[in-house]
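For reference, the structure is listed below as C-alpha cells.
The values are calculated or read from the model by the stated rules, or taken from the named source; none is laboratory data. Predicted, not measured: the structure shown is a model, and the values here were computed from it. Neighbour counts are summed over all protein chains in view; Cβ atoms, including those assigned to glycine, are modelled from backbone coordinates with ideal geometry.
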Amino acid sequence: MKSFFRLLSLIVLICSPLNSNAAEKVEYLKTDWSFKGLFGKFDRSALQRGYQVYTEVCSSCHSMKYLSYRNLSEKGGPEFDELQAKAIAASFEVKDGPNADGEMFTRPGKLSDKFVMPYDNVKAAQAANGGAYPPDMSVLVKARGGGVDYIYSLLQGYEDPPIGVSLDDGVYYNKYMYGNKIKMANQLSDGLVEYVDGTNSTVEQMSKDVTTFLMWAAEPHLESRHQMGFKAIVYLIILTILVYFSMKRIWSRVETEV
Amino acid sequence: MSDHEYTPKSKVGKWFNDRLPLLTLANHLTDYPTPKNLNYWWTFGGILTFCLITQIVTGLVLAMHYIAHADMAFDSVEHIMRDVNYGWLIRYIHANGASMFFLAVYIHIFRSLFYGSYKSPREIIWIIGIIIYLLMMAAAFMGYVLPWGQMSFWGATVITNLFSAIPLVGEGIVTWLWGGYSVDNPTLTRFFTLHYLIPFLILGLVVLHIWALHVPGNNNPVGIDIKKPSKDTVPFHPYIVIKDGFALLMFMIVFAFFVFYTPNILGHADNYIEADPLVTPAHIVPEWYLLPFYAILRSVPDKLLGVVAMLSAILILAALPWLDTSKIRSAVFRPLYKQFYWILVADVLILGYVGAMPAEGLYLLVARIATAYYFLHFLVILPVLGFKEKTLPIPLSITEPIMGGSPNLATAKNKESLNK
C-alpha cells in the first residue's frame, strides 16, 4: 500500500504539467445557491421571480418543451397556488384540435398543457435567429459542463471584444462562452423586469433568479431527492452499525478477527 | 465441497428433494466451507451480485416507460425523470448503478490479480469472469446509447465505426450493425433489444462463475490450498453472509450518495442534449469505466492495429493463468510481483486519465508509454518473474505456525500489508 501511495504521487507529478496544458479555463462567477448541499432547497421567491424573467425575457426565443403549467404549482417548485397557475396557463394561447369540423383552433391554456413554444419548429427558430437555434431550456443546466455557475456567469459575461477579435454581424463577445463567441445578444440590463415582489432587478439578481428557475426546470424533483437521500443514508448508516455489531458477535465464535 | 450426504428431515422435503434436489443445493450453499481469513476485498463478489440484480430490476421498470425510437427516446427519458412516480430515482439508480457495477468489478478483478485467484485450479472461474466483464462493457455501452443524447449518438458512431477497420468486410459489417448507412432508429431499437438481453446472459454466466467457484472453493489471502471443511474454514452461513452484508451496506452508502446528491457527476453534460447527427461534440469521450481501453485504442496510430490493441488488452487477461508462471498465488509472498502489481494499477489509472484527455501532445506520449507498459507487464514481466523471483516461505495452513512463529502470523502479516 505504501508503494502504491508513492506511485500515486508519481502519477500526480506526471499529470500536473498535463493539466497546465489545458489551463485556458475561466473561473466562473460564484454565488450562494440555496439548492446545493445535503438539505439544499429552492428559494421559492427566487423561483417565482426566475419564472417572471423567463416569461418576460427568455421565452420569446427559448422553448421549455418538457414543462407543463401544472408544474408551476407542484410541490418543490415555484409553488404558485393553483389559481395563479391556472391564470398563468390561461394567459397563453394554445393550439388544439382538430375539432369536429376538422379545423385546428386556439384556446386559452390549461394546467395540463406543456409550455407554449415560441416557434413552430426548429427551422422557424433558426430563421428568426440568424441561423442559430436557441436551445430548449428544460434541461439546459444539466446540458452544460459548468452547470448553474456557467449559466449564471454567461448571463453577466458580455463584454466589448478585446482588441484584435473581430465579430461578424449578430455575433457577440462573452468571456464565459466556449470560444467566446455567442449568437445571443446581451439580454439583461438593470431594471429590465419589474419584479412583482418589488425586489430590485439588477442584472446580477435576475441572472441568479432565472438560473435558479432553470435548475428547478431541469431537476423538478431535486428537493424530494435531497430529502429522501438524507433519510436513506441515515437509515443505511444505522443499519450498517447494527450489522457491524452482529457481525462482531457472530465472528467472536471463531478466533479470526473481522 | 461439503460432501456429506444431506437428507431433509421432513417426509415432504425428502419426497421433493429426491425429485429435485433444491434442498440439497440450499444446504450446500449454507454449509459451503469458506476460508476464514478472507478479507474485505473478497466481499465484492456479493456486492456484484447485488449490482446485477439492481440493474435488472430498475432496468425492467425503466423499460416499461422508455420508448426505443429515435424521435421519442430522449423525450421518454425526460418523461421518466419528471412524470413517472419516482422515475428520477429509478433512472438515477440505474445510471449510477452501471458505474458502481464497474467500480466493484474493477476491485474484484484487481483483488484476483493481487492474490493470484486466477491460477490453477481456478482458470475457468477466471475466464468466465472475463466473459462477464466483456458482456458488461457491451451492455453498458449500449445502455449509454439509449437516452439518445449527443454522447449516446456520437459514442455509438465512434465505437461501431471501429468495426470498419476490419479488412475487406469491415464496411459491410458496420452497415449491418447500424441497420442502415448511419447510426439511426434501427441502431437504437437493436441496441435496446441487446441491452435487454445481455443482463440475462450475464446472470447465466454468474451462475456458472459461482458453480465453478464451488468446485475448488475460494482462494484466500494466503493463497494456499486448504483442507475443507477444517479449522481453517467457516460455513458460509452465517459467517460470510453477515460479513458480505456488512460490506454491501457500506457500498450502498457510497452508492446512495451518488444517486441522491451527485447523480450526474459521472455522466457527460452533452448527453442532456438530444442527439443531432449534424453537430459533432468537441470531445467524444466514453464513460469513465471504458477510458483505459479508449486510451489504448487512440495511442496506436493505425486504426486496425488500434482496435487489435484494445481488444488484446482485454483478451490478454484470459491468458493470464498461463502467462503468470509463478506457482505462488498470493502477492503477499511475492515481494517483486507486489511492486509490479502496484505499478500496473498506476498504469491503468494513468491510461484512464489520458483516455479522458484529447489525444495530442504530451497526453498521447503518456498514453503510448502506458499502453506499452500494460502489454509489457503481461507478456514479459509476469512470465519472467515466475522464474526469477525469490518468493517468501508460505505457511502450511491458515492457522498453523510458519517457521515456528505465532499461529496467526500468516493472517497477521497479510492484514498488515493491506492496511498500511
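Summed over the stretch A:42-94, residues that are of a type in the set (S, T, N, Q), without any contact (Cβ under 8 Å) to a residue 40 or more places away in the chain and assigned to a helix (DSSP H, G or I) total 3.
Scanning the stretch B:342-374 for residues that are within 24 Å of the chain's Cα centre (by Cα), more than 9 Å from chain A (Cβ to nearest Cβ) and in contact (Cβ under 8 Å) with a residue 40 or more places away in the chain gives B:Leu344, B:Val348, B:Leu351, B:Gly352, B:Gly355, B:Ala356, B:Ala367, B:Ala370, B:Thr371, B:Tyr374.
Pairing each residue of the stretch B:245-258 that is at the interface with another protein chain (Cβ under 7 Å from one of its Cβ atoms) with any residue that is aromatic (Phe, Trp, Tyr) and assigned to a helix (DSSP H, G or I), provided the two are 6+ apart or on different chains, yields C-beta distances under 6 Å for B:Phe246/A:Tyr244. If you go through the stretch B:153-177 one residue at a time, how many are within 23 Å of B:Glu274 (Cα to Cα) and either in contact with an Asp or Glu (Cβ under 9 Å, 6 or more places away or on another chain) or not in a helix (DSSP H, G or I) (or both)? Total satisfying the criteria: 3. The residue list A:Lys208, A:Lys142, A:Lys175 contains one member that is on the phi < 0 side of the Ramachandran plot, in contact with a strand residue (DSSP E or B) (Cβ under 9 Å, 6 or more places away or on another chain) and touching a residue at least 40 places away in the same chain (Cβ under 8 Å), which is A:Lys175. With respect to (1) at pLDDT 95 or above; (2) over 30 Å from B:Lys231 (Cβ atoms), the lone exception for B:Gly361 is condition (1). Of the residues in the stretch A:191-206, not one is part of a helix (DSSP H, G or I), at pLDDT 95 or above and within 11 Å of chain B (Cβ to nearest Cβ).
To keep it simple, each residue is scored yes or no on (1) among the charged types (D, E, K, R); (2) surrounded by fewer than 15 Cβ atoms within 10 Å (Cβ to Cβ).
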position	(1), (2)
B:Ser152	no, no
B:Asp184	yes, no
B:Leu188	no, no
B:Phe192	no, no
B:Leu201	no, no
B:Gly204	no, yes
B:Phe236	no, no
B:Gly245	no, no
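Give the residues of the stretch B:231-244 that are free of Cβ contacts under 8 Å to residues at least 60 places away in the same chain and either under 25 Å from the mean Cα position of the chain (by Cα) or under 22 Å from A:Glu219 (Cβ atoms) (or both), sorted by residue number. Within the stretch B:231-244, B:Val241, B:Ile242 meet the criteria. So, A:Thr256, is that one at the interface with chain B (Cβ under 9 Å from one of its Cβ atoms) and not basic (Lys, Arg) or not? Spelling it out, A:Thr256 is indeed at the interface with chain B (Cβ under 9 Å from one of its Cβ atoms) and not basic (Lys, Arg). I'd like the full set of residues that are within 19 Å of A:Gly131 (Cα to Cα) and not in a loop (DSSP other than H, G, I, E, B), limited to the stretch A:151-179. Hits for the stretch A:151-179 are A:Tyr172, A:Tyr173, A:Asn174.
Only residues that are in a helix (DSSP H, G or I) and polar (S, T, N, Q) were counted in the stretch B:99-130, giving 2. Against the criterion of being over 22 Å from B:Thr262 (Cβ atoms), among the hydrophobic types (A, V, I, L, M, F, W, C), assigned to a helix (DSSP H, G or I) and free of Cβ contacts under 8 Å to residues at least 60 places away in the same chain, B:Leu29 does not qualify.
Residues in the stretch B:48-85 that are closer than 14 Å to B:Ala275 by Cβ and in contact with a Leu (Cβ under 9 Å, 6 or more places away or on another chain): B:Ala68, B:His69, B:Ala70, B:Ala73, B:Val77.
Selection of the stretch B:206-244 for residues being assigned to a helix (DSSP H, G or I), within 7 Å of chain A (Cβ to nearest Cβ) and of a type in the set (A, V, I, L, M, F, W, C) yields only B:Ile242. Take the conditions (1) under 30 Å from B:Leu392 (Cβ atoms); (2) assigned to a helix (DSSP H, G or I); (3) away from chain A (no Cβ under 12 Å); B:Val307 misses just one of them, which is (1).
Among the residues of the stretch A:181-201, is there at least one that is among the basic types (Lys, Arg) and without any contact (Cβ under 8 Å) to a residue 12 or more places away in the chain? No, the stretch A:181-201 contains no residue that is among the basic types (Lys, Arg) and without any contact (Cβ under 8 Å) to a residue 12 or more places away in the chain. Could you tell me which residue of the stretch B:259-290 is surrounded by the most Cβ atoms within 10 Å (Cβ to Cβ), considering only residues that are without any contact (Cβ under 8 Å) to a residue 60 or more places away in the chain and in a loop (DSSP other than H, G, I, E, B)? Only one residue fits best here, namely B:Asn264. Would you say B:Phe74 is touching a strand residue (DSSP E or B) at 6+ places or on another chain (Cβ under 6 Å), within 14 Å of another protein chain (Cβ to nearest Cβ) and either buried (at least 20 other Cβ atoms within 10 Å of the Cβ) or free of Cβ contacts under 8 Å to residues at least 60 places away in the same chain (or both)? Yes: the conditions hold for B:Phe74. State whether the residues of the stretch B:30-52 include one that is loosely packed, with under 15 Cβ neighbours inside 10 Å, of a type in the set (A, V, I, L, M, F, W, C) and at pLDDT 95 or above. No, because not a single residue in the stretch B:30-52 is loosely packed, with under 15 Cβ neighbours inside 10 Å, of a type in the set (A, V, I, L, M, F, W, C) and at pLDDT 95 or above.
On inspection, B:Leu317 qualifies as assigned to a helix (DSSP H, G or I) and crowded, with 20+ Cβ neighbours inside 10 Å. Within the stretch A:97-135, the set of residues being assigned to a loop (DSSP other than H, G, I, E, B), among the small types (Gly, Ala, Ser) and under 21 Å from B:Val279 (Cα atoms) comprises A:Gly130, A:Gly131, A:Ala132. Look at (1) farther than 30 Å from B:Pro321 by Cβ; (2) out of contact with any helix residue (DSSP H, G or I) (no Cβ under 8 Å at 6 or more places or on another chain) and you find that B:Leu25 fails only one, number (1).
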